[in-house]
Structures are given as structure tokens and as C-alpha cells.
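The values are calculated or read from the model by the stated rules, or taken from the named source; none is laboratory data. Please read these numbers as outputs of a predicted model, since none were measured by experiment. Cβ atoms come from the backbone with ideal geometry, glycine included; neighbour counts cover every protein chain shown. Side chains included, ligands, DNA and RNA excluded: accessible areas come from the protein's heavy atoms. Shrake-Rupley method; radii C 1.70, N 1.55, O 1.52, S 1.80 Å.
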Amino acid sequence: MEIHADLHAHSAFAGGARAGGTDEKKIRRRFIDSAHYSPLKGVNLIGTGDCQFDPWTGFLSKNLEEVENGIYEYSGDTGQNSSIPHDLSKPKYILQTELIFTGPLPDSKKRKRVHIIILFPDFDSISELNALLDKWGVSRKNMARPYVVCQTRDEVDNKIQEIMDIHPMIEMIPAHVLTPEGVYGGNNRINFMYDFFGDAHTRFNAIETGLSADPTILGMISELDRYTLISNADAHSASLNRVGREFTTYRMNNMDYTSLIDSLRRNRVVKTAEFHPTEGRYFLTGHRDMRKMPGIHAKHQFCYFSPKHVPVEDICPQCGKELTVGVLQRATEIGIAQGEPRNIGDGPKRDFVTMVPLIEIIAHYMGIKSITSKKIKRVYADVLDYTGTEVNLWIDQTIDDRLKDSKLPEKLVEQILEVKRGNFSFFPGGYDGTYGVLRIGEQIDFKDINVVQG
Ligand SMILES: [Zn+2]
Ligand SMILES: [Zn+2]
């Protein structure tokens, strides 16, 4: 069977206990919204997010029922979502969290932060992880994503291996590897996984592509050839353009945890569903406007570059500080450092489909910015009446005719099909933490961008 899974999510607590608040109703609402919206994208298995954070573990153990080995279902009533009615089945859940490891760079006093996803077979393994975190003195009372602070590479290596040794079916996956807080990220750069993880990297089976990269970009890094590449939404809110925006289709023997891990370890990935990399928040190198640190950028003062135009030493021509180095630049640099420079698309062939969030196309058509209005959600629901799920829109060629013959506004259908034909771009592309801006009917060469404004 094929399962469409988004294995990296966050709860209302992601920003910390305070961000989640103590309002039980709000916390549940957020969970239920994501339960409603993920299946609309085509996702039927979701990570719980933050499962080792005590208040959230409490919610999950009270409200989830194990329906298959390591696979859970929400036992409460999700009700019907009045803004987008649908009859897709309830999603299933897998216990999942994210930790942040910090450690030194080789031969340097600088330190690096690296995010890692963890999947658990059961609640007992989560308790054992927490016991380890307590033993290491990790502060986790107010943090849904605690920091595991390490002084040496050996310490990083040993601690990761200790977590994996809790249970043979625990899976650790380096998250969004090319973004600033991923292992290869521009924030204190390293070019080999060993330089941060030590030998622990040989025990990873998969890495997460992140929103600003897809398999054609990660294929530039030869060290990654042996890994399974997976995509996840990493949604920090339950909005329609966030949940399920990336996911992975796994071939599995059974709908249970062991089959999922087995599929992931043996690379039985059918395909990944990807954000367009240029929409991701760290695609290009640059500095956004209204930037406080480092340096100061005024309103409307910004710059962004594709790798061949990045200023010498990555220094910002406006504030004189180091630019936020984007994913495309990092992939290029790492390819060279690993002794095998490759172009985009040169790596091993991996199947994937690119999705532009449908709600953003509709917002573009309607000329409005807010994607939360009732009006826009009604149009979204109308389109889904013809496509079933959002991912179907991108993979099923027969949908084009169905849309053309539909009662949907002709101009909207034309815009959707323009995107499907590839006649669109994100300009500016994402950089320094800002998402790319969708333009339909224009194609822009992202390899040739050199903008200094203000
Ligand atoms: Zn992360
Ligand atoms: Zn600057």
C-alpha cells in the first residue's frame, strides 16, 4: 500500500509553553484544524509534533488511541469544518518530535545549531528520552524543542547514538538540512555531516529536504546519494498554505509503525511532494528589509542574489555584515567541497511532484493577501470538489479537462493551469526568512538574480 505521510509537524506549543498558552480549547482547535486540512492536501499520516514536551505528551496520551502498532487516531470528535466541508477520512498519527543539537565547529570557537526529527514507536520510548534529557541537564520545562548543548563533536555523536539505542525502531532524521539551522546550513558552515555528527551520521537513513530545496538541489551533494530523501510540511500553524505543503509517499507492507520505518530505511519512497524551492524562505542569499540583526536595514532596503552574483566573502553591500546564505549557494559550495561539483538535477533520479499551495493561487486570482477569509475558503472548497485532494491537481492529467468544463470562474481555471504548465515563478524568491512571492504568467531565471534595493 501507499501512504502519504507528513512526519514533521508542530503543536501549538512549538514556540514554547507560553506561545501555546494554557488555553486547552485553543490547543485542541489547532490540532483539529490540522486534522481537517492535512487530508485535503492528500496526507493521511501526520507526525504529532513536540511529543516529548510534557503538556503535549499529556494531551496526546489522553486523546490518541493506538489503532495499529505505533499508529494512532484521535479519539475525540473532530466535528465538521464548516468553512471547508469534506468527507475525507480522519488522518492517523505517529509520535514525533524535533530536538536542537548545538555543538562546536571543527577548529573554531563558533558553535552550530542543528535540528533533528525523532520518530518513536511508543510512549515508553518518549519517557526514556526525557529521562536521558534530564540526566544531561537539558532544560525542557518551557521548551517544546529543547536544546541539547554539546561541547565536542564526540559528545554530539555519543548523545545521538544514546537516543537511538533507547529502542531499535527509533528513527532520527536531520531536518531541513540546507537551511541555516540544518546541518549544512549557512549559519556556521560545514561541508560534511561527519564534521558535526561524527560517526553518528552513518546511522541516519534519511534526511529531510526542507522547503527551500527539492531532490534536484540535494542531488548536487554527493554525500547524500545513499540517503532516503523525505519531505515534510514542518508547519508551525494550521493554515491551509502550511499543513501538508510537503509530504512523502511511502510504499508499505502494512499500515503500522514498523512498516513505515522499514520503508524509510530501505528507501521505498514512491515520491515526495515538494514546495517550489524558490518559494522557500531560504532559497537565495540576502538580507531582508527592516532587519535588526546583524546590522540595520531600513524599510525597503534589501538585497538578494543567486550564487554567481553573491558579493565577495558573502558581505552585505548595505550593512557590511555577513548575508544569510541561502540553500542554492550552500548546495553549490558543498558540491565543490566534496570534490564532485554537480549542476541542479545531476544527482540520482528521485521522483517528486512540485505543488504550489492552491490557496495561494486562489488568493492571487482574487487579488487578496489574506488566505483566511471565508470567501477565499469557499472558492478553495469549490476547486477541491473537482480535484478531490490538492495533490491530485498536480499529478492527475485528466483534471485539466474537468476544470475547463467546470462551473469555476474561467480566469481562475486558466491561472491554475498556467501554474501547472510551469508558467509561473516566485519573484522575489525566498531569502533571509521571507517566502517567495507568486507571479503567474512570468518565468524568471533564478540562477541570474542580482538585486540591491534602497
Ligand atoms: Zn526545524
Ligand atoms: Zn545587510
Subject >> Selected residue (criterion: nearest to ligand 2 (Cβ to nearest atom)) from residues of the range 286-313 that are open to solvent by 20 Å² or more (accessible area, probe 1.4 Å) and in contact with a helix residue (DSSP H, G or I) (Cβ under 8 Å, 6 or more places away or on another chain) >> reply: V310
Original post:
What do you reckon, is F283 away from ligand 2 (no atom under 14 Å from the Cβ), in contact with a Ser or Thr (Cβ under 9 Å, 6 or more places away or on another chain) and modelled with pLDDT of 95 or more?
Top reply: yes
**OP:** Give me a count of the residues in the range 323-334 that are among the hydrophobic types (A, V, I, L, M, F, W, C) and not in a loop (DSSP other than H, G, I, E, B).
**Re:** 4
Original post:
Got a number for residues in the range 89-103 being open to solvent by 10 Å² or more (accessible area, probe 1.4 Å), under 18 Å from V67 (Cα atoms) and either hydrophobic (A, V, I, L, M, F, W, C) or part of a strand (DSSP E or B) (or both)?
Top reply: 1
Original post:
Tally time: how many residues in the range 242-263 are crowded, with 22+ Cβ neighbours inside 10 Å and either closer than 29 Å to V325 by Cβ or not assigned by TED's automatic domain parsing to the domain that holds N44 (or both)?
Top reply: 6
Original post:
Restricting the search to the range 204-223, which residues are part of a helix (DSSP H, G or I) and over 22 Å from H276 (Cβ atoms)?
Top reply: S222, E223
Original post:
Checking G320 against (1) assigned to a loop (DSSP other than H, G, I, E, B); (2) more than 10 Å from ligand 2 (Cβ to nearest atom); (3) surrounded by fewer than 22 Cβ atoms within 10 Å (Cβ to Cβ), which single condition isn't satisfied?
Top reply: (2)
**OP:** Look at A233 and say whether it is in a loop (DSSP other than H, G, I, E, B) and either in contact with a strand residue (DSSP E or B) (Cβ under 7 Å, 6 or more places away or on another chain) or at pLDDT 95 or above (or both).
**Re:** yes
Subject >> Condition check for I334: away from ligand 2 (no atom under 13 Å from the Cβ), open to solvent by less than 40 Å² (accessible area, probe 1.4 Å) and not assigned by TED's automatic domain parsing to the domain that holds N188 >> reply: yes
**OP:** Considering only the range 335-454, give the strands (runs of 3 or more DSSP E) lying wholly within it that have at least 2 residues that are free of Cβ contacts under 8 Å to residues at least 12 places away in the same chain.
**Re:** none
**OP:** Pick out the one residue from V379, V383 that is more than 25 Å from P277 (Cβ to Cβ), of a type in the set (V, I, T) and not assigned by TED's automatic domain parsing to the domain that holds G186.
**Re:** V379
**OP:** Please verify whether the range 153-170 includes one or more residues that are within 16 Å of ligand 1 (Cβ to nearest atom) and out of contact with any strand residue (DSSP E or B) (no Cβ under 8 Å at 6 or more places or on another chain).
**Re:** no
Subject >> Positions within the range 407-454 being among the hydroxyl-bearing types (S, T, Y), open to solvent by less than 40 Å² (accessible area, probe 1.4 Å) and closer than 18 Å to M355 by Cβ, in sequence order >> reply: S425
**OP:** Please specify each residue of the range 261-309 satisfying the condition of being among the β-branched types (V, I, T), part of a strand (DSSP E or B) and under 30 Å from Y250 (Cα atoms).
**Re:** V269, V270, T272
